[in-house]
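Each remark here refers to the structure printed beneath this line.
The values are calculated or read from the model by the stated rules, or taken from the named source; none is laboratory data. Since we're looking at a predicted model, the values are computed, not measured. Here the Cβ is made from the backbone with ideal geometry for all residues, glycine too, and neighbour counts use every protein chain on show. Remember, those area values only see protein heavy atoms, side chains included, never the ligands or the DNA or RNA. Shrake-Rupley method; radii C 1.70, N 1.55, O 1.52, S 1.80 Å.
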Amino acid sequence: MNSKFGLIYEGKAKKIFAHKDSDKVIIEFKDDATAFNALKKAKFEGKGELNCLISSKIFEFLIKNNIPTHFLELKNNNSMIAQKIKIIPLEVVLRNIAYGSLCKQTTIKPGSVLERPLIDIYLKNDNLNDPLLTKDRINLLKIIDNKELEFISGMTLRINKLLKKFFFNINLKLVDFKLEFGYNSKGEIVLGDEISPDNCRLWDLNQSNGTIVSLDKDRFRNDLGGFIEAYGEINKRINDFI
Ligand code: TMP
Ligand code: ASP
């Protein structure tokens with residue numbers, strides 16, 4: 001029986017459907033790729049499946065390591081069943097190495113290893129182009145309180161330690177990534193969204209000649225070619241390792 005009976009929400013990369021259990025949803029991963037707040041758009045056959053499979057494996061790994069996430073189980077190759085959560089409208093970015101917007105907005109040179117991980121929190125609002133927030137602005141907007149902010153920051157640091165190790169095992173350097181959190185039906189804060197090459201920067205450590213080889217959405221953002229092949233390579237390395 002098909003339990004997908006109602007589209008709840010359609011985002012740029014995923015569709016959320018109702019599940020027969022009201023505290024669950026079905027998340028379907030689309031083949032669409034967007035960048036720069038959807039100014040740039042394309043479709044890559046197989047992208048949805050790859051991101052769904054990669055995300056599922058990473059969520060399973062995080063759950064095993066006591067990180068609460070919305071992930072419940074894979075439904076099929078391009079959809080997963082997850083806890084229904086109320087998304088907190090924040091995009092939590094953690095950076096280990098300076099790249100991307102950090103280098104456009106500051107004088108830090110691309111590729112600089114940061115002394116300690118940097119957490120940048122943005123407002124999840126496409127109309128405003130996801131502006132960078134400050135702690136005071138988060139307080140002002142009453143999005144979450146200080147205790148919740150500390151909880152989310154602490155969990156993000158723990159996730160970073162786990163993911164750095166996870167990706168290092170498959171010869172990838174975790175440069176930065178973006179997380180989203182939400183409240184489940186019990187009011188607990190859990191990790192939501194996805195963890196895939198769409199929202200992580202991953203550099204290939206197999207290429208040792210000093211140049212940066214991105215195996216992530218930067219291949220699309222920066223017109224580097226080999227986009228779907230890079231995602232396929234990440235999925236293959238994860239499956240070969242697990
Ligand atoms: P940034 O350098 O463009 O701020 O991106 C930092 C990280 O966050 C990078 O891994 C890509 C990810 N990211 C998203 O997942 N969604 C977004 O909308 C943006 C801007 C970045
Ligand atoms: N997620 C954003 C978009 O879909 C931007 C990005 O990832 O670069 O447009």
Can you tell me which residues in segment 100-112 are closer than 27 Å to F151 by Cβ and either β-branched (V, I, T) or in a loop (DSSP other than H, G, I, E, B) (or both)?
G100
Hey, any hits in segment 114-123 for a residue that's outside any strand (DSSP E or B) and away from ligand 1 (no atom under 16 Å from the Cβ)?
no
Residue pairs qualifying under the 7 Å Cβ cut-off, at least six apart or on distinct chains, with the first in segment 1-22 being modelled with pLDDT under 95 and open to solvent by less than 40 Å² (accessible area, probe 1.4 Å) and the second being of a type in the set (V, I, T) and within 16 Å of ligand 1 (Cβ to nearest atom), are none
Mind telling me which of the residues N184, N199, N235, N171 ends up being more than 15 Å from ligand 1 (Cβ to nearest atom), closer than 21 Å to G46 by Cβ and open to solvent by less than 80 Å² (accessible area, probe 1.4 Å)?
N235
Just to be sure I understand the filter: pairs with C-beta atoms under 9 Å, separated by 6 or more residues or on different chains, first member in segment 207-230 and among the hydroxyl-bearing types (S, T, Y), second member part of a helix (DSSP H, G or I) and more than 11 Å from ligand 1 (Cβ to nearest atom). Which pairs pass?
S214/A230
Of the listed residues (S55, S79), the one being away from ligand 1 (no atom under 16 Å from the Cβ), in contact (Cβ under 8 Å) with a residue 12 or more places away in the chain and either open to solvent by 30 Å² or more (accessible area, probe 1.4 Å) or polar (S, T, N, Q) (or both) is S79
Counted residues in segment 213-242 being under 14 Å from R201 (Cα atoms) and among the basic types (K, R) come to 3
What number goes with the only condition from (1) within 16 Å of ligand 2 (Cβ to nearest atom); (2) open to solvent by less than 30 Å² (accessible area, probe 1.4 Å) that Y99 does not pass?
(2)
From the option list I189, I152, single residue qualifying as within 21 Å of N65 (Cβ to Cβ), of a type in the set (V, I, T), in contact (Cβ under 8 Å) with a residue 40 or more places away in the chain and surrounded by fewer than 18 Cβ atoms within 10 Å (Cβ to Cβ) is I189
Which one is farthest from L202 (Cα to Cα) among residues in segment 23-41 that are away from ligand 1 (no atom under 16 Å from the Cβ) and open to solvent by 30 Å² or more (accessible area, probe 1.4 Å)?
D23
Which ones in segment 33-58 are more than 14 Å from N235 (Cβ to Cβ), under 15 Å from the mean Cα position of the chain (by Cα) and not polar (S, T, N, Q)?
A33, A35
Here are some residues: G111, G100. Which one is under 30 Å from D31 (Cβ atoms), small (G, A, S) and touching a residue at least 12 places away in the same chain (Cβ under 8 Å)?
G100
Scan I138, I159 and give me the residue that is more than 30 Å from F241 (Cα to Cα), part of a helix (DSSP H, G or I) and of a type in the set (V, I, T).
I138
